[in-house]
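A.B. asks: First the structure, which I've put down as structure tokens, then a few questions once you've had a look.
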Amino acid sequence: MPRKTDARDRAIATAERLFRIQGYTATGLSQIIEESGSPKGSFYFHFPRGKAQLAEEAIDHYVATRMAVLRAISANTTGDALSFVRQIFGAFAAEMVASDFQYGCLMQNLANELPALDAELTKRVARGFADSTEIVAEHFRGCGFTSARASSTASALVAAVEGARTIARLQRTAAIFDALADVSVQGWAAPEGRPEVSSRRRGR
């Protein structure tokens, strides 16, 4: 027999997917219920506050997943700012390709709809960006960046990734991620006093 939490988990996963593809306002509860296969009564049992509560859960799940990815990349590139940057762009590019360029960033999509969101959703989106950006900044500090430079570089990297998603969806190619990775490691993400070695010379 299915677990009691299946309906709840399916609803969250479906909401996250639809919010990433078509946004918050354009996604109705009826579509979420239908595509998740959750009985209507079960849905309101798990989410008595309806769509807003479901969105909160979807944001929390999305942010937790995003932070886990960033932490894994950081652990895999300890002390190496350049590899860290390249792997971040590579991971998000791979996700775009895997989704056939359908998935945007859930937080970015919701941020673009701020007038339609309640205060709690707005706070969750802002906190999600702040928390994930801090993981990036922490990695740069571990690479010897000053605190100020680590924070500004992390903010620039996150902004670049979000912009790259939008362009990749429009152009249906992940080329923008490679371009940004090259520019980043040769400029603002390169350690001071250490010019980046070209990708060809490194055998990439």
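A.B. asks: Among the helices of the chain (complete DSSP H runs), which have Cα atoms covering no less than 30 Å along the helix axis and a Kyte-Doolittle mean of at least -0.5?
C.D. replies: Details: long enough: 51-76 (37 Å, 0.12); 119-142 (34 Å, -0.34); 147-171 (36 Å, 0.38).
Going by DSSP H runs, the hits are 51-76, 119-142, 147-171.
A.B. asks: For the chain, build the charge dipole from Cβ charges (+1 Lys, Arg; -1 Asp, Glu) around the Cα centre, then report which of Asn112, Gln102, Thr27 sits farthest towards its positive end.
C.D. replies: The Cα lying farthest towards the positive end belongs to Gln102.
A.B. asks: List the relative contact order of the stretch 1-153 as a percent without decimals, with contacts defined as Cα pairs under 8 Å and 6+ residues apart.
C.D. replies: Worked out over the stretch 1-153, it gives 29 percent.
A.B. asks: Now for a separate question. Calculate, for the stretch 62-166, the solvent-accessible area per residue in square angstrom, rolling a 1.4 angstrom probe over the heavy atoms of the protein chains.
C.D. replies: Numbers: 4310 Å² over 105 residues.
For the stretch 62-166, the solvent-accessible area averages 41 Å² per residue.
A.B. asks: Still on this structure, please answer the following. If every alpha-carbon in the chain counts as one equal scatterer, what log10 I(q)/I(0) does Debye give at q = 0.18 1/Å?
C.D. replies: Normalising to I(0) and taking log10 leaves -1.22.
A.B. asks: Okay, helix-only estimate at 222 nm for the chain: each DSSP H run of n ≥ 4 adds -39500 (n - 2.57), divide by all residues, round to 500 deg cm²/dmol; what do you get? Spell out each step's value before the answer.
C.D. replies: Values: 9 runs with 143 residues, N = 204.
Helix-only estimate at 222 nm: -23000 deg cm²/dmol.
A.B. asks: Can you give the local net charge around Gly128? Use residues other than it whose beta-carbon is closer than 9 angstrom to its beta-carbon, Lys and Arg +1, Asp and Glu -1. Show your work: numbers first, answer last.
C.D. replies: Details: positive: Arg66, Arg124, Arg127; negative: Asp60, Asp131.
The answer is +1.
A.B. asks: So, one more: Give, to the nearest whole percent, the P(r) tail of the stretch 78-180 beyond 19 angstrom, counting all Cα pairs.
C.D. replies: Numbers: 2533 of 5253 pairs.
Summing the P(r) tail past 19 Å for the stretch 78-180 gives 48 percent.
The values are calculated or read from the model by the stated rules, or taken from the named source; none is laboratory data. All values reported here derive from a predicted model rather than from experimental measurement. Virtual Cβ from ideal backbone geometry, glycine too; neighbours counted across all protein chains shown. Calculation scope for accessible area: heavy atoms of the full protein, side chains included, ligands and nucleic acids excluded. Shrake-Rupley method; radii C 1.70, N 1.55, O 1.52, S 1.80 Å.
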